[in-house]
Amino acid sequence: MLCGVSKGRGNVEQMLTASEDTILRAAFGRYGGSAKARLAAAPIVARYQEEAGGCWFLCDCRPGVPRPPLLVPVSRSHIRRVIDDHWPQHAEGCDFFREPAEQRLAIASQRREAAERPLRLAPAVRPAVIELTRTIESRSVESYRPGIARLLLRLVWDAGLQRRGPGKLVPPVKDQVAALWRAARWIEIDQDVPLPDFLCTPPARLGELVGKMASGRGRFKRNRPHGVLIMRAARIRAGMIEPTGGDPLQVRGRIAVFGERPADMRDGEAERAARAPYLAACVVGATEPGGPIEVLSAYAHPCASPWHLMLVDSGQERRTLDQLRRVQTWLADHRGVRFVIEKPVFDRGPSVEDDAPARPPCIPDFLLHADDGDLQRPPLLIVETMGYADEEYRRRKERMHRMMRSVCGDAPLVLHEFSGGPGETQAARDDSFWKAVRRAVTGTEVGGRSALAGTMPIAAPQGLAHVPIC
């Protein structure tokens, strides 16, 4: 709840009513912002701004801090966050953590259209040296996706790595990497500069990429000369990525690391280690014309295993994927029911217009499709990993679940729980999840066989030449 305090003094004048609090959140919270909601909130803002010489709003999203987050009425019509040395940022799960316009930009960056726009991984700059700080930034499903993240997610999607049919074995790493190279043929990193011309997969061959960049500088028109390195990573530290094999790589600037977690959980080295291994994409270039070529920045996303490059969001999702694979194999062997596991990476919700309320992202954890080659139809099942018991995390998931079912043709939804009552083991929760998925996929049994039995399998993609990655 918000409370009103006297301007400049901070002593509490009054708590806002539940109705006032709801109206202000709908107008100015991250999931609000419609013109109608702002119009409804204006009288409340005006009243508090005019009363007792002016009132501010304090937010209770960070209990225990010396000063709570601050919101200031402006022009008797809207409120503005104040974030400085005296007033802290709102908690990540708070409605006021992000402006509605910022939320719309974050969602737009997660849509497929954003991944298809021209890349600006290394914008052209004046000869002045670019200052880069070795930092690690945590990214979640609600975060804005940088260009290198959009590139990596487009590659894995177009390569088919986010879908797994009923085959019992994951293809060899060399075949998965070959699919990435095939997908890269359709991407340009500058005007008329195909990505494969400046792409490197094993870090051991980074020297070859540097040589290509040195001889191909004149090909870049809109960006500085640069290339892309994709690698499997076992560990990530500030300024350093350690491949699953070989020597660590120094990173000059920011490393963005994806990781789902409750808003109040620290994302430190131990937490990042628990999410390893990662599939990482790095921008390779120079900070200034004629300068040394370095790894400038990187984006790392957890993958299923060092040998399975499907991107997942967490260690818990790996366990969910393992259970889904077990159900998939069992149903194919014992019931003749075949389905495809899909791990989406792009937002599937409705487009967010400037005058419409902002919304949470809509990226289901997993979708199960009939194995008939038609992934455009509504899925058989939505599967969500519930990794934490945190109340805000659960509320956020609930909002997303309603939207997911709406955009997926009211497909049923099954939860894989990782928290429960006292004495309940994760093995028991896994078993309940396995059975729930089996029942949901098979549906009504007809003469001992599922109504889905006999569907045609999806043809396996053709492998390309061996392309190593490490």
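A few points about this structure:
- Tabulated pairs, the range 311-324, first among the basic types (Lys, Arg), second not in a helix (DSSP H, G or I), C-beta under 7 angstrom, 6+ apart or interchain: ARG318/ALA304; ARG318/VAL312
- Condition broken by GLN328, with the remaining ones in (1) farther than 26 Å from ARG394 by Cα; (2) surrounded by fewer than 20 Cβ atoms within 10 Å (Cβ to Cβ); (3) modelled with pLDDT of 95 or more; (4) of a type in the set (S, T, N, Q) satisfied: (2)
- Flag for ALA46 being under 26 Å from VAL352 (Cα atoms) and outside the structural domain of GLU353 (by TED's automatic domain parsing): no
- Every test in (1) within 27 Å of VAL141 (Cβ to Cβ); (2) out of contact with any Asp or Glu (no Cβ under 9 Å at 6 or more places or on another chain); (3) touching a residue at least 40 places away in the same chain (Cβ under 8 Å) is passed by HIS90 save one, and that test is (3).
- Any hit, the range 231-244, residues being out of contact with any Asp or Glu (no Cβ under 7 Å at 6 or more places or on another chain), modelled with pLDDT of 90 or more and either part of a helix (DSSP H, G or I) or acidic (Asp, Glu) (or both): yes
- Yes/no for ARG402 being under 19 Å from the mean Cα position of the chain (by Cα), over 29 Å from GLY160 (Cα atoms), assigned to a helix (DSSP H, G or I) and free of Cβ contacts under 8 Å to residues at least 24 places away in the same chain: no
- Conditions (1) surrounded by 18 or more Cβ atoms within 10 Å (Cβ to Cβ); (2) modelled with pLDDT under 95; number of the one not met by ARG205: (1)
- Out of ARG150, ARG145, sole residue that is basic (Lys, Arg), outside any helix (DSSP H, G or I) and within 30 Å of ARG185 (Cα to Cα): ARG145
- Residue count for the range 179-198 satisfying the condition of being farther than 17 Å from GLY147 by Cα and among the polar types (S, T, N, Q): 0.
- Failed condition for HIS78, given (1) within 18 Å of GLN103 (Cβ to Cβ); (2) surrounded by fewer than 20 Cβ atoms within 10 Å (Cβ to Cβ); (3) without any contact (Cβ under 8 Å) to a residue 40 or more places away in the chain; (4) not small (Gly, Ala, Ser): (3)
- Of all residues in the range 395-427, those satisfying the criterion of being closer than 20 Å to ARG318 by Cα, hydrophobic (A, V, I, L, M, F, W, C) and surrounded by 12 or more Cβ atoms within 10 Å (Cβ to Cβ) are LEU413, VAL414, LEU415, PHE418.
- Test: residue in the range 37-52 that is crowded, with 17+ Cβ neighbours inside 10 Å and among the hydroxyl-bearing types (Ser, Thr, Tyr): yes
- Some residue of the range 120-137 being without any contact (Cβ under 8 Å) to a residue 40 or more places away in the chain and either buried (at least 18 other Cβ atoms within 10 Å of the Cβ) or of a type outside the set (A, V, I, L, M) (or both): yes
- Options LYS168, LYS221; residue that is in a loop (DSSP other than H, G, I, E, B), surrounded by fewer than 15 Cβ atoms within 10 Å (Cβ to Cβ) and in contact with a Ser or Thr (Cβ under 7 Å, 6 or more places away or on another chain): LYS168
- Checklist (1) modelled with pLDDT of 90 or more; (2) under 24 Å from the mean Cα position of the chain (by Cα); (3) farther than 20 Å from SER140 by Cβ; (4) surrounded by 13 or more Cβ atoms within 10 Å (Cβ to Cβ) applied to GLU113, failing item: (4)
So that you can scan it fast, the table gives a plain yes or no per residue for (1) under 23 Å from the mean Cα position of the chain (by Cα); (2) within 29 Å of SER140 (Cα to Cα):
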residue	(1), (2)
ALA204	no, no
ASN223	no, yes
ARG235	yes, yes
GLY268	yes, yes
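- Matching residues in the range 108-124 - criterion: being out of contact with any Asp or Glu (no Cβ under 6 Å at 6 or more places or on another chain) and assigned to a loop (DSSP other than H, G, I, E, B): ARG117, PRO118, LEU119, ARG120, LEU121, ALA122, ALA124
- Check on ALA27, in contact with a strand residue (DSSP E or B) (Cβ under 9 Å, 6 or more places away or on another chain), at pLDDT below 90, closer than 22 Å to PRO360 by Cα and surrounded by 13 or more Cβ atoms within 10 Å (Cβ to Cβ): no
- Checked against (1) surrounded by 12 or more Cβ atoms within 10 Å (Cβ to Cβ); (2) at pLDDT below 95; (3) not hydroxyl-bearing (Ser, Thr, Tyr), ASP431 meets all criteria but (2).
The values are calculated or read from the model by the stated rules, or taken from the named source; none is laboratory data. Because the structure is predicted, anything quoted here is derived from the model rather than measured. Using ideal geometry, Cβ is built from the backbone for each residue, glycine included, and neighbour counts are taken over all protein chains shown.
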